[in-house]
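To start, the structure itself, in C-alpha cells.
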Amino acid sequence: MAANPESTTKTSRVRMNIQINLEFYASYVYQQMAYHFNRDDVALPGFEKFFDVSSKEEREHAERFMKLQNQRGGRIVLDDIHKPQQQDWSSGLEAMRAALELEKTVNQALLDLHAVATKHNDAQFADFIETHYLTEQVEAIKKLADYITNLERCGPGLGEYLFDRHTLHSS
C-alpha cells in the first residue's frame, strides 16, 4: 500500500528542515575550528584551510537542501545555531577526532533521512540523498580517519607541523 502523499511530503519536509539545520551547525563547528587554527598561538594554516573548506562544503549542503525544499513546495524553517560544544583544541589530532565524530553524526542523520524517504516511497528524495550526499559522506569519513591515523603516527609538535605543511597545506 502506498503512503499518503500528504503525510509523505510533510514528513520529508520536516525531516529536511532538521537536516538543513544540522548541516548549518556542522558548518559553524568547522568555522570555529578553522579560526582556532588561524590564531597566532596555534598558527597551523593547513588545518585552517582544511576546516574552512569543510565549513563551506557543509553550508553548500544546507543550501542544496534548501533549494530542494523550495522546489518541492516546502517551507524552510531555520532554528538557532547552537555554539560548538568545544571552542579550543589541544592539537590538530583532537580537532580531527571531533570532526570525524561530527561527520559520523551527519552521516547517520542522512541515512535516517534516506530511510524516511524510502519508507514513504519518496523515490525522488531518496535518489537526491544518494546522489548528493551519501558517497561524499563516506569519502569524508575515510579521509578524516586516514588523517587521524597519520597524525597519530607523526605525533605532536614538529610532527603535527609537518603534517599541516605537507598534507593539509598542499591539498
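The values are calculated or read from the model by the stated rules, or taken from the named source; none is laboratory data. Remember, predicted model here, so these are calculated numbers, not experimental data. Using ideal geometry, Cβ is built from the backbone for each residue, glycine included, and neighbour counts are taken over all protein chains shown.
Scanning the stretch 84-123 for residues that are assigned to a loop (DSSP other than H, G, I, E, B), within 22 Å of LEU144 (Cβ to Cβ) and not aromatic (Phe, Trp, Tyr) yields PRO84, GLN85, GLN86, GLN87, ASP88, SER90, SER91. I'd like the full set of residues that are surrounded by 13 or more Cβ atoms within 10 Å (Cβ to Cβ) and over 26 Å from PRO45 (Cβ atoms), limited to the stretch 82-111. If the condition is that a residue be surrounded by 13 or more Cβ atoms within 10 Å (Cβ to Cβ) and over 26 Å from PRO45 (Cβ atoms), then LYS104, THR105, ASN107, ALA109, LEU110, LEU111 are the ones that fit.
Scanning the stretch 13-37 for residues that are touching a Phe, Trp or Tyr at 6+ places or on another chain (Cβ under 9 Å), surrounded by fewer than 20 Cβ atoms within 10 Å (Cβ to Cβ) and without any contact (Cβ under 8 Å) to a residue 24 or more places away in the chain yields a single hit, TYR35.
Across the stretch 135-171, the qualifying residues are those that are acidic (Asp, Glu) and free of Cβ contacts under 8 Å to residues at least 12 places away in the same chain, and the one among them that is nearest to SER91 (Cα to Cα) is ASP146. Of the numbered criteria (1) part of a loop (DSSP other than H, G, I, E, B); (2) surrounded by 13 or more Cβ atoms within 10 Å (Cβ to Cβ), the one GLN137 fails is (1). Scanning the stretch 39-70 for residues being outside any helix (DSSP H, G or I) and closer than 20 Å to ILE141 by Cβ gives a total of 0. Test ASP164 against the criterion of being modelled with pLDDT under 95, surrounded by 19 or more Cβ atoms within 10 Å (Cβ to Cβ) and not hydrophobic (A, V, I, L, M, F, W, C), and give yes or no. Yes: the conditions hold for ASP164.
Against the test of being in contact (Cβ under 8 Å) with a residue 60 or more places away in the chain and under 15 Å from the mean Cα position of the chain (by Cα), the options HIS132, HIS120 yield a single qualifying residue, HIS132.
Within the stretch 79-90, residues that are over 19 Å from ILE18 (Cα atoms) and among the hydrophobic types (A, V, I, L, M, F, W, C) have Cβ atoms under 6 Å from residues that are assigned to a loop (DSSP other than H, G, I, E, B) and at pLDDT 90 or above in no pair, counting only partners at least 6 apart in sequence or on another chain. Considering only residues that are more than 20 Å from LEU110 (Cβ to Cβ), without any contact (Cβ under 8 Å) to a residue 60 or more places away in the chain and in contact with a helix residue (DSSP H, G or I) (Cβ under 9 Å, 6 or more places away or on another chain), which ones fall in the stretch 40-72? Answer for the stretch 40-72, where residues must be more than 20 Å from LEU110 (Cβ to Cβ), without any contact (Cβ under 8 Å) to a residue 60 or more places away in the chain and in contact with a helix residue (DSSP H, G or I) (Cβ under 9 Å, 6 or more places away or on another chain): VAL42, ALA43, GLU48, PHE51, ASP52. What do you reckon, is ILE129 part of a helix (DSSP H, G or I) and aliphatic (A, V, I, L, M)? Judged against the criteria, ILE129 is a match. When LEU144 is tested against (1) assigned to a helix (DSSP H, G or I); (2) more than 18 Å from the chain's Cα centre (by Cα); (3) not polar (S, T, N, Q), exactly one condition is not met: (2).
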